[in-house]
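The values are calculated or read from the model by the stated rules, or taken from the named source; none is laboratory data. Computed from a predicted model, the values in this text were never measured in an experiment. Note that each Cβ is placed from the backbone with ideal geometry, even for glycine, and that neighbours are counted across all protein chains shown. Just the protein is used for accessible areas: all its heavy atoms, side chains included, with ligands, DNA and RNA removed. Shrake-Rupley method; radii C 1.70, N 1.55, O 1.52, S 1.80 Å.
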Amino acid sequence: MRNEELAGLVVRARGLALFRGVLGTRPVRDLLSLLGLLARERPDAGEVAGVVGGLWAGLAASRDPLLPDAWQAHFLGSILDDENPFSLGAETGDLPPALLGQARRELPVLQGLFGLRTESLLALVEERLPELGGLWEPLVYPGAGGDGSPRQEIARKLAAAPDWGGCAELLAGHFARQGAGALGRYRAFRWREGGLVPVESPDPVCLEDLVAYEEERRPLIENTERLLAGLPSHHALLYGPPGTGKSSTVKALANAYAADGLRLVELPKEDLGRLPELMQTLRRRGACFIVFVDDLSFEEDEVSYKTLKALLEGSVAPPPQSVRLYATSNRRNLVRERFSDREEDDVHAHDTMQEKLSLAARFGLRVTFPPPDQRRYLEIVFGLARARGLAMPEEELRERALLWERWHPGRSGRTARQFVDGLETGLKER
C-alpha cells in the first residue's frame, strides 16, 4: 500500500462515529499507530518495532479464534462485541433509518482495516524496514471458526462478503437475534454489584445428557419456548429433593436455546433484594432472559420473600415479558412453617400462615421432581453408562448400582451419576 493509502485509512478510521468504540482496544490502537508510522516518508525502525511488538502481544493475549488470522479475528470480534447505538438499537428493535444509513457508510471503513491480514502487515513492515525482517511469526489459529455458533456464523459471512456497505441489515439481524456486546458473546451471566458478569465457561450440560424425568421437564421446555416466541409464559418453581436434576434442567434449557437468543442470569438468594434493579437492567435489553435462583427457601424470620412476592405478582412495575424467574427448591412452600405458627397467640394466625404459603403460588408453573424409585434410579444408571460407552453386563451393573445406593446417602440422580463416575474411573484404571 502507498503512503497516501495508509494515511487515508487512518484518517477515515478516526472519523468513525457509530463504531468508535471498536478503536478502543489495545491491538486496534497499535495497528492505527503502526499505519501512521508506515505512512511517513522515513519511518523510525525503533518506533515501528515497539508498536509491532505490542500489537503482536496484544493479539496473542486476546485470543478470539473466530477466524484463522489473528488480526481479523480480533478486529471482527471487537465489532461484534461493541455496544453502540446501532447494535443496541438493532437488539431492541428501535433502529432509526439514520443509524442504519450511518452504519452502511462506516462498515466499508471497517472492512478496509479488516483486510489487513497479520501476514501482509508483517510483509509491509519488512518491505519498508528490511532490518526488522524475521522478528515476528505470523499469528494464526489453525482450525478456527468451526464451532458453528451464531457469533462465528456472522463472522464467517462478513469475512466472505465483498462489500460490507451492504451488510448493515445482516449485522442488525444478528444483534436482533443474539444481542449486542456481551449478550451476543456469552450465554450465561451472574448478577454482581449492579452489573451482569459473563460466565466464560458455563456448565455445558444439555437436555440429551439428562436421563429420566422427561415428563417433568416437558412443561418447562414448552414454557421456555413460549417465552422465546413472545407468548404468555410463567415464572417457574422446580421442587424436589436434592440430586433430582432441577438445577441441571434449568442450565440445560439455557444451553439448548442459547442460539435462539435465550440468556441465563444467575442471582444468588442473598441478593434477592436487588431483584428489582436486575429486572430494570434486563428491561432495557432486547434478549429473553431466565433469572435463575438456585436452592430458594426462607427461614421464618427472613422477610426478603415479601420483595419476591411483590415482584412476581402485585408490584406496580411487573417484570418485563422477556424475563422469567426459574427457581429451584427442596422445600415445597419455600417459607419454613412451624407447628407453633398455628397456635392461637396470633389473632389472625390463619392469615399469617397463608401469607407464608402464598409465595409458591405466585409461580404460575410449579414442577415436582420426585425422588426416584428403584426403576428410575436404574434407568438413570443404565442411561449414563451407555452414554459413556461403559462395557459391563447389565446384571452386574444392576447389582453394583444397587449396592452403591445402599452404602450412600439416598437414591437420586446425583447418586447414580456418582456411581457411574466411580465405575468409569475404575474401568480405566484396570
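Data overview
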| quantity | calculated |
| --- | --- |
| Any hit, segment 326-333, residues being open to solvent by less than 20 Å² (accessible area, probe 1.4 Å), in contact with a Ser or Thr (Cβ under 8 Å, 6 or more places away or on another chain) and at pLDDT 65 or above | yes |
| Criterion violated by residue 131 - all others in (1) in a helix (DSSP H, G or I); (2) surrounded by 14 or more Cβ atoms within 10 Å (Cβ to Cβ) satisfied | (2) |
| So residue 128, is it at pLDDT below 95 and either in contact with an Asp or Glu (Cβ under 7 Å, 6 or more places away or on another chain) or not hydrophobic (A, V, I, L, M, F, W, C) (or both) | yes |
| Test for residue 114: is it closer than 20 Å to residue 37 by Cα and at pLDDT 95 or above | yes |
| Options 183, 170: the member that is in contact (Cβ under 8 Å) with a residue 12 or more places away in the chain and open to solvent by less than 30 Å² (accessible area, probe 1.4 Å) | 183 |
| Residue satisfying condition, being among the acidic types (Asp, Glu), farther than 24 Å from residue 48 by Cα and open to solvent by 20 Å² or more (accessible area, probe 1.4 Å), within set 153, 119 | 153 |
| So residue 197, is it part of a loop (DSSP other than H, G, I, E, B) and within 15 Å of the chain's Cα centre (by Cα) | no |
| Residue pairs meeting the criteria (Cβ under 6 Å; at least 6 apart or on separate chains; first surrounded by 15 or more Cβ atoms within 10 Å (Cβ to Cβ), in segment 43-60; second small (Gly, Ala, Ser)) | 51/33; 59/70 |
| Failed criterion for residue 97 (all others in (1) surrounded by fewer than 15 Cβ atoms within 10 Å (Cβ to Cβ); (2) at pLDDT below 95; (3) under 29 Å from residue 285 (Cα atoms) hold) | (2) |
| One residue from 189, 175 being within 17 Å of the chain's Cα centre (by Cα), of a type in the set (A, V, I, L, M, F, W, C) and part of a helix (DSSP H, G or I) | 175 |
| Selected residue (criterion: farthest from the chain's Cα centre (by Cα)) from residues of segment 378-430 that are open to solvent by 60 Å² or more (accessible area, probe 1.4 Å) and aliphatic (A, V, I, L, M) | 403 |
| Hits in segment 214-245 - residues which are of a type in the set (Lys, Arg) and in contact with a helix residue (DSSP H, G or I) (Cβ under 9 Å, 6 or more places away or on another chain) | 217 |
| Cross-chain or 6+ apart pairs with Cβ under 6 Å, segment 238-258 first and under 23 Å from residue 361 (Cα atoms), then charged (D, E, K, R) and open to solvent by 10 Å² or more (accessible area, probe 1.4 Å) | 238/246; 239/332; 240/246; 247/294; 249/217 |
| Single residue of 176, 161 found to be farther than 19 Å from residue 292 by Cβ, touching a Cys at 6+ places or on another chain (Cβ under 9 Å) and open to solvent by 10 Å² or more (accessible area, probe 1.4 Å) | 161 |
